[in-house]
Every structure is written in structure tokens, then in C-alpha cells.
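Asker: My questions all concern the structure below.
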Amino acid sequence: MDFKVADLSLAEFGRKEIRLAEHEMPGLMAIRKEYAASQPLRGAKIMGSLHMTIQTAVLIETLVALGAEVRWVSCNIFSTQDHAAAAVVVGPDGTPEDPKGVPVFAWKGETLEEYWWCTEQALAWPGADGPNMILDDGGDATLLVHKGAEYEKAGFVPEATGDDPEEWHVIIDLLKRTVTDEKRWSRIAEGIKGVTEETTTGVHRLYEMHKNGQLLFPAINVNDSVTKSKFDNKYGCRHSVIDGLNRATDVLIGGKVAVVCGYGDVGKGCADALRGQGARVIVTEIDPICALQAAMDGFQVTTLEDVVGIADIFVTTTGNFNIIRADHMAQMKHQAIVSNIGHFDNEIDMAGLAKTPGIERRTIKPQVDEWVFPDGHSILVLAEGRLMNLGCATGHPSFVMSNSFTNQVIAQIELFTKTADYPIGVYTLPKHLDEKVARLHLDALGVKLTQLTKEQAAYIGVHVEGPYKSDHYRY
Ligand code: NAI
């Protein structure tokens, strides 16, 4: 088996945590039971690009339990939990000397070159051109296949320019090496039945590609299952934003001024959590609806410029770029904490910060840097501007990820087994499946549902067994 992880001797620790996580992931475990006999993913070759954590290990082993062959990478250079990666490679029945699990190419603290090398490795399927399914988070695997196929069609790979981010130069170098007359990327793209995408940012990319007529295979937008974005993005971040801040800095949050940029699902969870710790939370927004929601939830809403000099903690949650600029950071209080929990690192202008004349970077510990300005004041930047909950802590806890990942498995089954029903396009799962995911998590929390009577169902125009809401209902 080919793989590359940090240290296989961590597998035993990983396996113990996987065992605990399985109990906290009732949705995934129920799906394993439901499909144990029918093996709907037999024949599926799934390439996964999603944070290689303990929770993801339970997802991977669920896909395998349903018959799939799997190869995996992390979708962020800092988010891998090395013990989880080791346990997945070793597998439940293997040993570090004789690994029997799933090929994983991921370790905490990859360089950008290593990150894209890993993605390329996981897409290279032994005995086949490539995978026939992608499970993506943020869209990097999908991007690589699409760009490779696009440049093969054009017959050349365009040069990256000085204006392009560093990462784009790495991708272009990889494609220059791999775009050849043999049309490897086009063949991989042709073999893919579909992709299931985990997060807001990846979903934006998919809709954009579809709008421009560039999408090469169908996609299921898992993010916009209600049981994903209204749970993982909100309640997951409500948990893990504090975890990231604590593990990175252990600064007391109570009494501090915290700025949350963006009040979408992630922003709502972060603002709630910071308020729960006793911070005075200020929100920035561009959307009048979200700004009004924040105001009615009791948060001051203003611009970053208004409060940049008084806040102690900054968290960007927008999925947009250039939210906190270098000139903002120069104006911050001494030892203000600057962090991002959105998918990509460009929410904070790290390149601009590094170019500030006279600035000095002092690494306090991995993923915590103090940047000292020439006047002597400094700021603390978490995870080099990458998502801090996975860079500085362990991401979302198992129970909430069970909701997200149950949607992922159902979406994989849908696309793999009903390929003809999904012409190229971007789809969400039907509501009855969303409700099923929620239902699978009720018992564990001791939730007792009220049973709709036939008459009540007729009165509100639904079926007794659901779905209970129209598609335009917003929760
Ligand atoms: P969303 O679209 O619900 O929320 C983003 C909000 O930011 C929107 O309300 C938008 O109006 C606002 N916004 C955009 N530009 C802004 C600006 N210049 N200033 C202030 N506000 C601005 O998206 P969601 O689901 O909250 O996701 C946000 C990001 O977090 C995405 O990149 C997503 O992929 C990522 N994500 C990260 C997770 C993690 O564990 N770190 C978990 C889930 C999502």
C-alpha cells in the first residue's frame, strides 16, 4: 500500500480515539448498519480531500464498510491529526508493521508543495486512471482535475504572474509537470461520476464553474443540507472557535472585545460562543439581512475600521478575501489576537503583513506567531491565517461532524448509484434525506418527537412521515 503520514506508531492512540468517536457519531454508525448487506458503494473509488481528523477517520471507515475503495488527503496543511492518519493507514485489523487500512497522504504541517503533491498522489489510482468519485472540502481536488483537463485541452499551461498568490505558483508548477499529451487529467475527469462538496467556499466554486459551463461532472452540495450548514458551520464553530483560541493563547476571553467579521452560519456560531465566554462581541457585515440579524441578536454591528484599535480578538468568518488588511493589523492593540476560521487563508492579508517594513515574526509555538511592528507593539496571528479551529485545535467535535458526514455518505451513495439521475449540475439532497440525518441523531440526545396526527398533517399540507417543510423554508 502506498501512503505518506507522519508516524505509524501513533495508530494505537488514533484507534482508541476513533472508538470513542464512533459512539458520538450515531448517524454514521446507523448508516453502516443499514447498508452493511447491500454494499451500495462496491466499485466506488473515492478520493477524499477533507481534514484528516479522528471524525474523518470514522467517515472513511464508513465508506469502506459500504464497499468503497478510498484514498485520502487533508484539505489544509495544518489540519491533519497525525494519530488519526496513522490509524486509518494501519486500519482496524493491521499493525504499523503490516498496515491494512486506507492509503492516506497527510501530515500536520505540510508545505504547499507537499500539500499539492499529496492531492496528486491520492488522485493517482493504482490500476486505473483515477478515482470515480471525489469527496471534497473546499474544492481543491476538484480544482486540480478541472485545471489539468482545461490546460490539456488548451494544449499549454499558462504562466503564473507576480500578482498570483504563492499557492497558485505551486499549482501551476505541478500542472506543468503533469499536463502532457497523454491527457492524464482529462482521463481522470472523464472517469469521475461526481463530487460531493462539504463547505460553503467549495460550493461557491462549483456553482461558479457550472455557471461558466466549465463543470465536468455532477456535484452534490452537501454544505446546504440543513443538517450540515445549520449545524456544523454554526454549532461546530461555536465549539471549536473557543478551542482554537484557548489552545493557541489561553487568553481570558471574558471582558475582552471580540470582533467577528461576517454573520453567516459560521459567524453566528462564533459570535455566540465568544459572548458565552463573556466577551463584548462586535460584528461586521456587508449584507443588510445578516447585519440586522446580528443587531437583533444583541451585537453591536459596525465597520472594522471603527473598532480595529480597541478590540482584543479578531475572527474572520466570511469566506471572502482581504477582510483584515495589513494596515488594519498595524493599528491593532498590543498583543491583539488575529485569526480566521473561514476556509481559505486569504481572509487575512498575511502576504501584506509580511511585507510591512521593519516587521519581525517571532514564532511562539507551531501555529502561533507574534508579529512585532517597528514601534514595538505586536499582534498574535493564529495558524498563519489559516482556519484556526483546525490549525490550533482539533476542529469540530464528533457529534456535529456525524451530521455533516452522514450527509456526505448519503450524497456519495446517491451520485454513485443513481448517476443517470444527475446530469452535470450542482444539486442538494432532497429534504426527506436531510430529515433522516437529523432523525438519526435524536435518540442519542434523548429527544422525543411529537407525532403528527393524520388530520394535523392534512391541515398543514404535509405527509405524516414528512418532509415537514417546503424547500423554501429557511430554518
Ligand atoms: P455564509 O455565506 O453563511 O457567511 C459568510 C458571511 O460573511 C455572509 O453573511 C456575508 O455577507 C459575510 N461577508 C462577506 N464579505 C464580508 C465582508 N467583507 N465583511 C463582513 N462580512 C462579510 O458562509 P458560512 O457558511 O458562514 O461559511 C463561512 C466560511 O467558513 C466559508 O469559507 C466556509 O467554507 C468556512 N467554514 C469553515 C468551517 C471551519 O470549521 N473552520 C466550518 C464551516 C464553514
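Asker: With θ set to phi - 60°, apply the Karplus curve 6.51 cos²θ - 1.76 cosθ + 1.60 along the range 347-363 and write out the HN-Hα couplings as whole Hz, x wherever there is a Gly or Pro.
Answerer: 5, 10, 7, 5, 4, x, 4, 4, 8, 4, x, x, 6, 10, 9, 10, 7
Asker: Which cross-chain or sequence-distant (5 or more) residues have an amide H under 5 Å from the amide H of C261, H modelled 1.01 Å from N in plane?
Answerer: Here T284, V315, T316, T317 satisfy the definition.
Asker: Tell me, what is the FRET efficiency for V447 and T111 to the nearest 0.05, using R0 = 35 angstrom and their Cβ-Cβ distance as r?
Answerer: 0.20
Asker: Something else about it: Which stretch or stretches of the range 427-443 have amide N atoms under 16 Å from the point lying 7 Å from K211's Cα along the Cα→Cβ direction?
Answerer: Within reach of a label on K211: 427.
Asker: Calculate the length of the line joining the C-alpha centroid of the range 53-70 to that of the range 200-246, in whole Å.
Answerer: So the separation of the two Cα centres works out to 20 Å.
Asker: So what J values fall out for the range 142-151 if you push phi through Karplus, 6.51 cos²θ - 1.76 cosθ + 1.60 with θ = phi - 60°, rounded to Hz, Gly and Pro as x?
Answerer: 4, 4, 4, 4, 5, 5, x, 5, 4, 6
Asker: Near K183, which aspartates and glutamates are there with a Cα under 16 Å away, not counting those fewer than 8 places off in the same chain?
Answerer: Of all the aspartates and glutamates, those that pass the test against K183 - Cα under 16 Å, at least 8 places apart if same chain - are E120, D129, E150, E152.
Asker: May I pose another question? Per-residue HN-Hα couplings for the range 123-130, Karplus 6.51 cos²θ - 1.76 cosθ + 1.60 at θ = phi - 60°, whole Hz, x for Gly and Pro?
Answerer: Those phi angles translate into 7, 8, 8, x, x, 8, 5, x Hz.
Asker: Given a cut-off of under 8 Å on Cα pairs at least six residues apart, what relative contact order in percent is computed for the range 1-109?
Answerer: The value is 37 percent.
Asker: Here's a follow-up. Considering only protein heavy atoms and a 1.4 Å probe, what is the carbon-and-sulfur percentage of the accessible area of the range 85-218?
Answerer: 51 percent
Asker: I would also like to ask the following. For the range 290-412, what is the relative contact order in percent, using Cα pairs closer than 8 Å and at least 6 residues apart in sequence?
Answerer: Dividing the mean separation by the residue count of the range 290-412 yields 21 percent.
Asker: G48's amide H: which non-local residues (gap 5+, or another chain) put their own amide H closer than 5 Å, with H modeled 1.01 Å from N in plane and none for Pro or chain starts?
Answerer: R71, W72, V73, L135
The values are calculated or read from the model by the stated rules, or taken from the named source; none is laboratory data. Just so it is clear, the structure is predicted and the values come from calculations on it, not from any experiment. When we count neighbours, we look across all protein chains shown, and the Cβ atoms used for this are built from the backbone with ideal geometry, even at glycine. Accessible surface is based on the protein model in full, side chains and every heavy atom, while ligands, DNA and RNA are left aside. Shrake-Rupley method; radii C 1.70, N 1.55, O 1.52, S 1.80 Å.
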